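Asker: Provided herewith is a single structure, encoded as structure tokens, for subsequent inquiry.
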Amino acid sequence: MIDCGEGTQITMRQMGIKIARFYSLLISHLHGDHCFGVMGLLGTLGMLKRTQPMHIYAHPDLQKLLQPWLDYHYKDLTYEIIFHAINPRKHETIYSDRTLTIETIPLKHRVPTCGFLFTEHHRDQEPIKRYAYCSDTMYSEKIIPLIEGVQTLYHEATYTEQDADKCTKYRHSTAKQAATIAQKAHVQQLILGHFSSRILEQSEFLNEAKPIFENTIIAKERTKYTI
Ligand SMILES: [Zn+2]
Ligand SMILES: [Zn+2]
């Protein structure tokens, strides 16, 4: 699972996604809309009597913040939680096995943030699928070489161009900027998400992105961001 905002487990249940079915948690940065759901989720997994360890990849501050809570509430957890500290400022491989590699993508946001690049391969052979998750970030061409040619790019588009000034202030992107990154990186498909509640019609994001990058779709979202 990538990022875990408040209410994630409820949304998963509503969407029929099995909570017990994932192995690790990747957290892009420590803004609440990306990590406030972690504690509740870890508790639910305990109630489900999970035995498989849970790997959490995040900025080291997450462990600092969670540890007292874990010690207080979850002393008798049925499974082990293993923290892996990542340095969001550095591009690095954080996980690798025979079929999957996960690399970080340093992003430009108000706090240290990284995206994630997934490469799937058939046992030590050529990559068969590459997809990238980039949120939250302002427009940054530095990510282009890392995500060049991926099948699917998820890129945040908090605003449209009418709020472009807010992108600079809060370090987010417009739909046009996300589409420009997709086009310059020659990706196959762009998924836009992380929409501000200021913009009421999701079609506005598509209308702005599609002239630049045609194969753009909108992520199904339950949360709107009040920024
Ligand atoms: Zn953020
Ligand atoms: Zn966010």
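Bear in mind that the values in this text are calculations on the coordinates, not laboratory data. Remember, it's a predicted structure, so these values are computed and weren't measured experimentally. Cβ atoms come from the backbone with ideal geometry, glycine included; neighbour counts cover every protein chain shown.
Asker: Restricting attention to the alpha-carbon atoms of the chain, what are Rg (one decimal) and Dmax (integer), both in Å?
Answerer: 17.7, 54
Asker: Quick one: length gained pulling GLN14 to HIS186 fully straight, 0.36 nm per residue minus the C-alpha distance?
Answerer: 58.5 nm
Asker: Please turn the phi angles of the stretch 135-145 into ³J(HN,Hα) values with the Karplus equation 6.51 cos²θ - 1.76 cosθ + 1.60 (θ = phi - 60°), one per residue in order, whole Hz, x for glycine and proline.
Answerer: My calculation for the stretch 135-145 gives 7, 8, 7, 8, 4, 8, 6, 4, 7, 4, x Hz in order.
Asker: Which angle between 0 and 90 degrees, to the nearest 10, do you get for helix 60-73 versus the longest principal axis of the chain when only C-alpha atoms count?
Answerer: Computed tilt is about 40 degrees.
Asker: Quick one: longest stretch of the chain between exposed loop trypsin sites (Lys or Arg not before Pro), exposed meaning at most 15 other C-beta atoms within 10 Å and loop per DSSP?
Answerer: Details: sites that count: LYS18, LYS49, LYS75, ARG89, LYS90, ARG98, LYS108, ARG110, ARG123, ARG198, LYS220, ARG222, LYS224.
Free of exposed loop sites, the longest segment is 124-197.
Asker: Calculate how steeply helix 38-47 sits against the longest principal axis of the alpha-carbon atoms of the chain, using the helix alpha-carbon long axis, and give the answer as 0 to 90 degrees to the nearest 10.
Answerer: Result, in degrees: 40.
Asker: Within the set LYS64/LYS142; LYS108/LYS166; LYS18/LYS49, which residue pairs have Cα atoms separated by over 21 Å?
Answerer: Details: LYS64/LYS142 30 Å; LYS108/LYS166 14 Å; LYS18/LYS49 14 Å.
Table pairs above 21 Å Cα-Cα are LYS64/LYS142.
Asker: Follow-up question, since we're still on this one. Restricting to DSSP H runs of at least four residues, report the calculated mean residue ellipticity at 222 nm for the chain, -39500 (n - 2.57) per run over all residues, nearest 500 deg cm²/dmol. Could you put the intermediate results ahead of the total?
Answerer: Details: 8 runs with 63 residues, N = 227.
When only DSSP H runs of four or more count, the value is -7500 deg cm²/dmol.
Asker: Which pairs in the list LYS75/LYS129; LYS184/LYS220; LYS90/LYS176 are over 32 Å apart, alpha-carbon to alpha-carbon? The partial results should precede the final answer.
Answerer: On the way: LYS75/LYS129 39 Å; LYS184/LYS220 25 Å; LYS90/LYS176 26 Å.
From the list (LYS75/LYS129; LYS184/LYS220; LYS90/LYS176), the Cα-Cα distance tops 32 Å for LYS75/LYS129.
Asker: Oh, and also: What do you get for the angle between helix 175-184 and the principal long axis of the chain? Use alpha-carbon atoms, 0 to 90 degrees, nearest ten.
Answerer: Orientation of helix 175-184: about 90 degrees from the principal axis.
Asker: How large is ³J(HN,Hα) for each residue in the stretch 94-104, as worked out from phi by the Karplus curve 6.51 cos²θ - 1.76 cosθ + 1.60 (θ = phi - 60°), to whole Hz, x for Gly and Pro?
Answerer: 9, 8, 7, 9, 6, 10, 8, 10, 10, 10, 8
Asker: I would also like to ask the following. Please work out how much length the chain gains when fully extended from LYS90 to GLU148, using 0.36 nm per residue of separation minus the C-alpha to C-alpha distance, in nm with one decimal.
Answerer: Working: separation 58, 0.36 × 58 = 20.88 nm, distance 1.78 nm.
Answer, rounded to one decimal: 19.1 nm.
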